[in-house]
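The structure appears below as structure tokens.
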């Protein structure tokens, strides 16, 4: 029986893969979105900055910031769930991923945002749920909140086209 | 009309996130607004191709939609997005600016309905199309 790997090795492999996935997208850096990982679960975190305001009189976050945050969370959540499977199954080289050879992100087909309340000038959090992830299409739901997890301020629903995977036949 | 366009331009420029994305209002009519956003390396979603992230395009379309509501003859005092659905038809061509044209085609006492299209230089093939519902705040005492 093989001894399990030391926990630091496992954590470092997963954290490096996630960091490489996120670092590959300039727009995520522009917004300043970060990801917190607990096992395979991701929580996106958007620290508040003045640039994110859309209505200076209220003030409230720009609707486009909320939309972008939801879409980024959905795409990274979906890409991460398939990258996680590939990493854990040993189908992909962790060193290559950590060095930036990350699989292409899924593409958004359509995206619906439901604005439940104004985004306050403070940090936002979001989690994505992959409801269906097939070979070609995926459906992801995403929920964003601020101070109170039980009071989301925006919901999103995203349909994606999955990137072609190595080994996929032309047919 | 020039004055209204100038005021509206300044209004868009005063929104920090719209300014950060370099959005510029180029046309304004009754219930219609056109806003342009230049291509910027910081807004890219896929560095391998240089294609803009969908989120940046959503932000542009949301802003143009809100502006079309504000310019509606019903003269709302403010608006907020209730929901927005965007279909992404094709990747935006890297290096080209994106122009969103929004039309507020119907309003009720408290809701405005908007259609919005985003194009790059090839205006015959839109990059994205959207539909949205917006809140519509009227001045107190205004007749609907």
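Throughout, read-outs are computed from the coordinates displayed, never taken from laboratory work. As the structure is a computational prediction, the values presented were derived from the model and not from experiment. For neighbour counting, all protein chains shown are included, and Cβ atoms are generated from backbone atoms with ideal geometry for every residue, glycine included.
For the range A:85-159, take the convex hull of the Cα atoms, compute a quarter of its surface area, and give me that in nm², please.
With the hull built on Cα positions only, its mean projection is 7.0 nm².
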Where only C-alpha atoms are counted, convex hull volume of the protein assembly as shown per residue in Å³: 149 Å³
When the range A:1-136 is reduced to its Cα atoms, the Kirkwood hydrodynamic radius in Å: 16.4 Å
Average beta carbon contacts from partner chains per residue of A:51-58, 10 Å cutoff: 5
Label point distance in nm, residue A:129-residue A:164, each placed 7 Å from Cα along Cα→Cβ: 3.4 nm
Peptide B:78-85, shielding by other chains (average Cβ, 10 Å cutoff): 6
Scattering profile of the range B:1-72 at q = 0.22, 0.23, 0.26, 0.27 Å⁻¹ [log10 I(q)/I(0), Debye over alpha-carbon scatterers]: -0.90, -0.96, -1.14, -1.20
Full-extension gain in nm, residue B:96 to residue B:19, via 0.36 nm per residue minus C-alpha separation: 25.9 nm
Added length on full extension, which subtracts the Cα-Cα distance from 0.36 nm per residue, residue A:150 to residue A:91: 17.5 nm
Chain A: most fluctuating residue of A:28, A:53, A:109 per GNM, C-alpha cutoff 10 Å: A:109
Whole-Å distance, taken between Cα centres, linking the range B:51-130 and the range A:9-54: 28 Å
For B:106, A:159, B:72, B:53, order by how many other beta-carbon atoms lie within 10 Å, fewest first: B:106, A:159, B:72, B:53
Stokes-Einstein D (µm²/s) once Rh is taken as the Kirkwood radius of the range B:86-127 over alpha-carbon pairs, at 37 °C in 0.692 mPa s: 281 µm²/s
Stokes-Einstein D for chain B, Kirkwood Rh over Cα pairs, 4 °C, 1.567 mPa s (µm²/s): 85 µm²/s
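At a Förster radius of 25 Å, what calculated FRET efficiency corresponds to the Cβ-Cβ distance of residue A:41 and residue A:120, to the nearest 0.05?
Given R0 = 25 Å and the Cβ-Cβ separation, E is 0.50.
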Globularity ratio of the range B:64-108, using Cα Rg and 2.2 N^0.38 Å: 1.44
